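**Student:** Okay, here's the structure, questions in a sec.
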Amino acid sequence: MAANKRTVGIIVALVILVCVVAGANLYFMYYLNVEEAPHVSSTRALENMIRQKIRELHPVYLNRNPRLFMYRNKLLKNYKPAPYENATVLWDIANWWPQENEIYPIYDTSMAQLLQTLRLEPITKVTNLAKGTQLKLLLRLANKQKVIFKPQWYERDAVIEGAVYAGKDRHTAEVYAFYLGAVLDFRWTPIVVGRVVNLKTDIYDKGDSELKNSMTITETENGTEQYCLFGKCHYCNEEETVCGDEQNNIEGVLIYIVPGSLAKRRSPWQRTYKEDKRAPWEDDMNYCKPLKDKMETMRLLDLIDAAIFDYLIQNGDRHHYETREERLVLIDNGKAFGNPNKDHLDILAPLYQCCLIRKTTWDRLQVFSGGVLTELIDRLSKHDALFPLITDKHKRGVERRLLVVYAVVEYCMDREGDKMFKQL
Ligand SMILES: Nc1ncnc2c1ncn2[C@@H]1O[C@H](COP(=O)(O)OP(=O)(O)OP(=O)(O)O)[C@@H](O)[C@H]1O
Ligand SMILES: [Mn+2]
């Protein structure tokens, strides 16, 4: 009996000891995680969680969605090139389209015609546009309609190494962003077409003196003239020019100017743009909590939509965002598609830190599962002069990231349940 009591006593003592040690360990681990290195462990933990979620993704996310057919044919019809008679009439129509941040209607017979005007109307006057930091021009088309021009800097298969915001603009990213916005019903991007222009006849000959002074003309070995442009902007300098081919043709994009006034605001998820300095949101997994009280839910949901959009195309440069009638517009998408092999998960921070998403966005994202998203954008952009807009590697990147978005929403559903979906 006494021996039994002793055994029980020893067992109890052992259990207590184990509990104390384990408790201390747990406390130690907690201390390590939360106090010592919060960002590393929490970001890592989140990444692991998402990786796990991707492995467990329900087949509906990997397969085609039958609901696709409700949207695909209407979209294809809407963007099928259509002849036009009078460009001015179409520009008048398009200038009346914007309402709040919606820049164009979901389906409208004038859209395909409008795209044709941007592809075909002659360029009548060219000036530098010294807005922003990157090289861009202001082109005037017939009847005084103005559009922004961004030139090609890179080949489609160039891989931009370094920070997510490294390098110069990728011109076709602006076109891709337009079609992605159309498919995902984020009709908050400017209307954009690709176009091959001639640096001599379309640009130099139509330029004012300031523009002409921001170009170089050199004689080549075979006696022809080569025209190059360095432009006028914050980062513009004579050493960094864009030049055309032997005929002085160069690819670029024409970006329709969004009518109305835009306001610029600092993004709460702005980067520091210094390799050795981290922004508060990068280390604080509870970063969104105070924002939820401080910011209108509408604005927060817009920023979360924008984060999903930017993550898909890998635009990590939305340091400021612009609003039209207090709603976010997705202007400036040129810094996307830098490196197809790299996914910067932190672009999605607004989504995984806030765990909120518009119900309409979530429904729409699910319609284009199973490889359909990039396939459809391909079909829509087939008539663009710069088709294919991105390489297959980049397309695979977009599809891979769409799965990550699904996985992050699944993670948030575990955390928040249905209350993460908002109707605003
Ligand atoms: N399609 C558009 N419609 C109306 N305004 C525009 C449009 N595109 C650009 N702008 C205006 O011009 C400014 C500069 O354009 P954009 O942001 O594309 O240039 P950027 O050189 O890439 O700038 P940053 O270096 O800040 O990224 C924008 O902030 C906006 O106010
Ligand atoms: Mn930019």
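The values are calculated or read from the model by the stated rules, or taken from the named source; none is laboratory data. Just so it is clear, the structure is predicted and the values come from calculations on it, not from any experiment. Here Cβ is always computed from backbone atoms with ideal geometry, including for glycine, and neighbour counts include all displayed protein chains. These area figures cover heavy atoms from the full protein model, side chains too; ligands, DNA and RNA do not enter into them. Shrake-Rupley method; radii C 1.70, N 1.55, O 1.52, S 1.80 Å.
**Student:** Can we say Tyr104 is within 23 Å of the chain's Cα centre (by Cα) and on the phi < 0 side of the Ramachandran plot?
**Tutor:** Criteria met by Tyr104.
**Student:** Let me ask something additional. Give the residues of region 47-67 that are charged (D, E, K, R), in a loop (DSSP other than H, G, I, E, B) and surrounded by 10 or more Cβ atoms within 10 Å (Cβ to Cβ), sorted by residue number.
**Tutor:** Arg64 - this is the single residue of region 47-67 that is charged (D, E, K, R), in a loop (DSSP other than H, G, I, E, B) and surrounded by 10 or more Cβ atoms within 10 Å (Cβ to Cβ).
**Student:** Now for a different question. Do the conditions hold for Thr297, that is, is it farther than 24 Å from Gly316 by Cα and open to solvent by 40 Å² or more (accessible area, probe 1.4 Å)?
**Tutor:** So Thr297 fails the test.
**Student:** Among residues belonging to region 141-155 that are open to solvent by 10 Å² or more (accessible area, probe 1.4 Å) and touching a residue at least 60 places away in the same chain (Cβ under 8 Å), point out the one that is farthest from ligand 1 (Cβ to nearest atom).
**Tutor:** We begin by selecting, within region 141-155, every residue open to solvent by 10 Å² or more (accessible area, probe 1.4 Å); these are 142-146, 148, 150, 152-155.
From the residues that got through so far, the ones that are touching a residue at least 60 places away in the same chain (Cβ under 8 Å) too are 146, 148, 150, 152-153.
Details: Lys146: 9, Ile148: 5, Lys150: 7, Gln152: 15, Trp153: 12 Å.
Among them, the one singled out is Gln152.
**Student:** Keeping to region 288-323, report how many residues are more than 12 Å from ligand 2 (Cβ to nearest atom), in contact (Cβ under 8 Å) with a residue 40 or more places away in the chain and charged (D, E, K, R).
**Tutor:** 3
**Student:** Whether any residue in region 324-344 is touching a residue at least 60 places away in the same chain (Cβ under 8 Å), within 16 Å of ligand 2 (Cβ to nearest atom), charged (D, E, K, R) and at positive phi is what I want to check.
**Tutor:** Yes, that holds for at least one residue.
**Student:** Looking at (1) open to solvent by 10 Å² or more (accessible area, probe 1.4 Å); (2) of a type in the set (Ser, Thr, Tyr); (3) under 21 Å from Gly316 (Cα atoms), which is the one condition that is false for Tyr406?
**Tutor:** (1)
**Student:** Only one of Val193, Val175, Val159, Val164 is more than 16 Å from ligand 2 (Cβ to nearest atom) and crowded, with 17+ Cβ neighbours inside 10 Å; which?
**Tutor:** So the residue among Val193, Val175, Val159, Val164 that is more than 16 Å from ligand 2 (Cβ to nearest atom) and crowded, with 17+ Cβ neighbours inside 10 Å is Val193.
Yes/no per residue for (1) modelled with pLDDT of 95 or more; (2) of a type in the set (Asp, Glu); (3) touching a Cys at 6+ places or on another chain (Cβ under 9 Å):
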{"residue": "Asp283", "(1), (2), (3)": "no, yes, no"}
{"residue": "Met298", "(1), (2), (3)": "yes, no, no"}
{"residue": "Phe309", "(1), (2), (3)": "yes, no, no"}
{"residue": "His320", "(1), (2), (3)": "yes, no, no"}
{"residue": "Leu328", "(1), (2), (3)": "yes, no, no"}
{"residue": "Ile331", "(1), (2), (3)": "yes, no, no"}
{"residue": "Pro350", "(1), (2), (3)": "yes, no, yes"}
{"residue": "Cys355", "(1), (2), (3)": "yes, no, yes"}
{"residue": "Trp362", "(1), (2), (3)": "yes, no, no"}
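**Student:** Another question about this same structure. Considering (1) more than 16 Å from ligand 1 (Cβ to nearest atom); (2) open to solvent by 40 Å² or more (accessible area, probe 1.4 Å); (3) closer than 30 Å to Leu345 by Cβ; (4) in contact (Cβ under 8 Å) with a residue 12 or more places away in the chain, say which one Ile106 fails and leave the rest.
**Tutor:** The one condition Ile106 does not meet is (3).
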